[in-house]
Amino acid sequence: MIRQRLWPRLWKRFILHIDPVLLAALGLLMLTGLAVLYSASDGDWGRVLRQAGNMLVALGILWLVANLPLHYLMRTALPVYLLGMVLLAGVALFGEISHGARRWLNLGVMTIQPSELMKIAVPLMMAWYFEKHEATLTLKNYFVAALLLLMPVLLIARQPDLGTAILISASGFYVLFLAGLSWRVMGVLLVAGLGSLPVLWSMLHEYQRHRILMLFDPAQDALGKGYHTIQGTIAVGSGGVLGKGYLNGTQTHLDFLPERTTDFIFAVYSEEFGLLGNLILLGMYLFVIARGFIITADASTYFTRLMAGSITLTFFTYAFVNMGMVIGILPVVGVPLPLVSYGGTSMVTLLLGFGMLMSIHTHKKLVQT
Amino acid sequence: MKRRVELKNIQREIYHFRLRLVLSLGFVLFMLLVLLARFVYLQVVKHSHYQTLAENNRISVVPIVPNRGLILDRNGVVLAHNYSGYTLEITPSKTGGLEATIEQLAQIVEIQPKDRKRFKKLLAERHDFESLPIRTRLSDEEVARFAAQRYRFPGVEIKARLFREYPYRELTSHLIGYIGRINESDIQQLEEDDRAANYRGSDYIGKTGIEQSYENELHGKTGIEQVEVDAGGRGVRVLSRTPPVSGNDLVLTLDAKLQQVAEQAFGNYRGALVAIDPNNGEVLAFVSRPGYDPNLFVDGIDEQSWSELNNSPDVPLNNRALRGQYPPGSTIKPFMALAGLHYNKRAPGYTISDPGYYTLPGSSHQYRDWKKGGHGSVDLFKSVVISCDTYYYGLATELGIDNMHAYLSRFGFGKKTGIDLEGEAAGLLPSQEWKQKRYQQKWYAGDTVSAGIGQGYDLVTPMQLAYATAILANDGAGYRPHLVRQVQHAGSNGPAAPEIRPDFELKFNPEHLALVKRAMTAVTQPGGTAAGAGAGAPYGIAGKTGTAQVVGMKQGEQYIESQVQERLRDHAWFIAFAPADKPKIALVVLAENGGHGGSTAAPIARKVLDYYLLGKVPQPLPAAAGEEEEHD
């Protein structure tokens, strides 16, 4: 009797904190990613299997995080943030230089990229801070929260890693916005921001300026950075409405389309599946985002609302910035296409975020019932 | 902003939050519409435009590789140049079958197994849509034969390319270095330095020597051509063109003739020679023997030649002048003499009585002089002229190793000279601190004694010793040794060579300096250790001989040159500058296993000095390879 009921009960416990709708949408995106990766890597099974391995690891982390109760999540905010800041300072002082940027920290046993940790730690910290001061929110609190955001962003932008700095800025801004930053302040910030553009420009690294300038005239640097944009645009445009068919992208398979398994994988997808495929992909992303918004709207506490909203909007930002840079409306900043691009780190960070979403959703349900 | 004092209204809060959430959703939808609009623009409105671009690959961006800069000696003799030749290239992805294609090609032009091996290696490193050479340097006849049958070989092309050539071969191998095919680690490095774009289309990069250290000057700027091509990938029309900018030419400080004279003077000896103009740090000759033919490396060296070079007991690939580290032996004595005078441990007139050995107080161990029975009464002048070991054993003990370290490091011992070549060795100038760090051992008094005559832990490179000699010759002015005199910008004469200033100036008591120089001049005069080499010279040569032990001798054992295997014989040193009163050249000669400095190294130096100061050519110099032919 007991035996018969053990496995169903275990299974029930196993999926208790998993949101099936969200998981199905994520799974679909990841499968799409594997299929495109197979094409982009010219049928390199090794690479596809490695990515599948990355996905399994990331899914395991998703499950773990989804099972963490909320108060536990909150308690990690401060220590994780502080750890991240220490590591970032460590990178600035002792970091290893690779590809002209100081992003990696060698801990002896392994090298880590602390900016990746901050993608979660910064919004977590800000949401925790707002929750703590929920009852007595004043402008000062927004100011402190903005500082919590700015310190890591400046350190990361200095590395220089513009893509990550932009993503973290966005995720932090979403927290501020959802926490109710007044429209007037945002208006003032916008004006101030536009006014300080020339100053920011002068602080950018030569190659970052180059990438932005090049956006307006890719032909100018047709052999270097402009090559990415030109080839990406040709690939997307030549895909047409229906695409050239799976494994048939000529740009992809004949030409030298750089980073085509990582940052430029969308060009491969778009060439082979066309406008129709793009619509389906946008639809899948929109579905995930919509589900995220529903979870956000239903969230029970201030902290979880801010966190869920920020995670969802950051996910959208990932997708938008990546596709935008491939089709030449944004500068090439090195942001992967979420859940599709090859690479384990961003996969883990993303699914960790979605694990939090599921935890927020399912633990609230438990509280209610 | 006014403080909120009223109680929180949860319903209102949630209402506001959801309002913002809806606004966010609106923002997301709007941005997705922006993306969608761009998709529609690219994939529907402009589709046919991009279709043609992609399908026929109509417009291809072709990099135009710039001509690499030439390398000339100080008198305009060409040491590295480019010549045009034909290569046979295959784009593997465009052939029907790669193996079959190569088989068929082999029936028309000669393709050796080593060509195939090299091609396989290239194929593994590069993409199969790139055009890769299977044969280089085709003869006119081979070109004609292939052209006639070209229709049979899709994806195979004859290309005219520029090849690098080093007409003087071994003569300049360790100095000029060579270029070679760009490999994985080069690509990584280029990407790290953000230089990869400028290397698109380039196959070669400087690997060693001047070719490596001046890569950025020599390479030039890659041009771009937008070419309209037909369905077969052949160019029809050039749409736009940004011409490449050729690399800059380098004028070296080297005198190629002097270099040849020096090479010849070595005869069969291995070793190194570095000659510097002490007045400005210009390196006049830079020899490391044996050398190798750098032309072998340009297109990837074949296995047999590589293993011959790599396994030769003469280690021809080792740059002895720059990287070879040897005990300085007695060549350290003039510097030690200056140190003794500087620290007031020796007065010029102070004499010791040399019994032929030295013992530390309270020890019976004998540190032997090279001359059995000793030199009798020896003052500082004589100690240099006849190279008395006993004198310096005692002096070193009184100075102490840390004073020696402090004083000798002023001449650049134990540090890289900073010459414009990569991979320089730093030598070794020991100190108490160093030994503690390196061996976790304390410094012993006996260590100091050996260090006094440049043995024990002391190591120098010929380059370092030449630099130190130049500093001494020029009364303390340290001009960093350099090999490039001028960078000539393509198409113009470029700026004049910048005026060279010394990096530092050492201060000496002029009497001390004059005394040591006088003693060094006496070394090459009757009674000195290099009297034979100095005989009959119409100018004064200040010099010092030295020997560097290859194997240590046991206590009581005697070193008899004729009984020692050739490769275990001592290395011979000679340092010199001339004319002694107003030096124009400072040099160092190292003859490996040459025995005594006075009998082997000094005569080599004499020949070089005679040529440089008197224009005397000992025997006719060989012509450069292909010198009679015309090159562009």
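The values are calculated or read from the model by the stated rules, or taken from the named source; none is laboratory data. Worth saying up front: this structure is predicted, and the values here are computed from it rather than measured. Here the Cβ positions follow ideal geometry from the backbone for every residue, glycine too, while neighbour counts run over all protein chains shown.
General remarks:
- Residue pairs meeting the criteria (Cβ under 7 Å; at least 6 apart or on separate chains; first free of Cβ contacts under 8 Å to residues at least 12 places away in the same chain, in segment B:429-455; second outside any helix (DSSP H, G or I)): B:GLN436/B:LYS442
- A:LEU34 modelled with pLDDT of 90 or more and over 24 Å from A:LEU124 (Cβ atoms): yes
- Residue match in segment B:39-55 (condition: at pLDDT 90 or above, under 18 Å from A:MET284 (Cα atoms) and facing another protein chain (nearest Cβ under 7 Å)): yes
- Filter result (among the aliphatic types (A, V, I, L, M) and in a helix (DSSP H, G or I)) within segment A:4-20: A:LEU6, A:LEU10
- Within segment A:256-289, tally of residues that are at the interface with chain B (Cβ under 8 Å from one of its Cβ atoms) and either touching a His at 6+ places or on another chain (Cβ under 6 Å) or surrounded by fewer than 23 Cβ atoms within 10 Å (Cβ to Cβ) (or both): 6
- Only one of the listed residues (B:LYS372, B:LYS345) is in a loop (DSSP other than H, G, I, E, B), more than 23 Å from B:THR545 (Cβ to Cβ) and either of a type in the set (Gly, Ala, Ser) or in the same structural domain as B:THR529 (by TED's automatic domain parsing) (or both). That residue is B:LYS345.
- Index of the failed condition, B:PHE577 passing every other in (1) buried (at least 22 other Cβ atoms within 10 Å of the Cβ); (2) modelled with pLDDT under 95; (3) touching a helix residue (DSSP H, G or I) at 6+ places or on another chain (Cβ under 7 Å): (2)
- Qualifying residue in segment A:314-331 (condition: more than 11 Å from every other protein chain (Cβ to nearest Cβ), touching a Phe, Trp or Tyr at 6+ places or on another chain (Cβ under 9 Å) and of a type outside the set (A, V, I, L, M, F, W, C)): yes
So that you can scan it fast, the table gives a plain yes or no per residue for (1) modelled with pLDDT of 90 or more; (2) part of a helix (DSSP H, G or I):
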| residue | (1), (2) |
| --- | --- |
| A:GLY43 | no, no |
| A:ALA58 | yes, yes |
| A:VAL65 | yes, yes |
| A:ALA77 | yes, yes |
| A:LEU83 | yes, yes |
| A:LEU87 | no, yes |
| A:GLY90 | no, yes |
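- Any hit, segment B:310-328, residues being of a type in the set (Asp, Glu) and within 27 Å of B:PRO481 (Cβ to Cβ): yes
- Of all residues in segment B:262-296, those being touching a Leu at 6+ places or on another chain (Cβ under 7 Å) and part of a helix (DSSP H, G or I) number 2.
- Within segment B:183-192, restricting attention to residues that are in contact with a helix residue (DSSP H, G or I) (Cβ under 8 Å, 6 or more places away or on another chain) and more than 14 Å from every other protein chain (Cβ to nearest Cβ), the residue that is farthest from B:ASP249 (Cα to Cα) is B:GLU184.
- Unmet criterion (only one of (1) in contact (Cβ under 8 Å) with a residue 12 or more places away in the chain; (2) more than 14 Å from every other protein chain (Cβ to nearest Cβ)) for B:ALA144: (1)
- Listed by first and then second residue, the pairs with beta-carbon distance under 7 Å, at least 6 apart or on different chains, first residue in segment A:160-177 and in contact (Cβ under 8 Å) with a residue 60 or more places away in the chain and within 13 Å of chain B (Cβ to nearest Cβ), second in a helix (DSSP H, G or I) and polar (S, T, N, Q), are A:ALA170/A:THR314; A:ALA170/A:THR317; A:SER171/A:SER310; A:SER171/A:THR314; A:TYR174/A:SER310; A:TYR174/A:THR314; A:VAL175/A:SER310.
- Of all residues in segment A:135-149, those satisfying the criterion of being of a type outside the set (A, V, I, L, M) and crowded, with 16+ Cβ neighbours inside 10 Å are A:ASN141, A:TYR142.
- Residues of segment B:298-347 that are free of Cβ contacts under 8 Å to residues at least 12 places away in the same chain and crowded, with 18+ Cβ neighbours inside 10 Å: B:ILE301 alone.
- Among the residues making up segment B:71-127, those that are of a type in the set (Asp, Glu), closer than 22 Å to B:HIS219 by Cβ and outside any loop (DSSP other than H, G, I, E, B) are B:GLU89, B:GLU125.
- Flag for B:ARG20 being more than 7 Å from chain A (Cβ to nearest Cβ) and assigned to a helix (DSSP H, G or I): no
- Top-ranked residue in segment B:297-333 [being of a type in the set (A, V, I, L, M, F, W, C) and more than 16 Å from B:LEU428 (Cβ to Cβ); ranked as modelled with the lowest pLDDT]: B:ILE301
- Restricting segment B:193-208 to residues that are in a loop (DSSP other than H, G, I, E, B) and under 11 Å from B:ASN183 (Cα atoms), the residue that is farthest from the other protein chains (Cβ to nearest Cβ): B:LYS207
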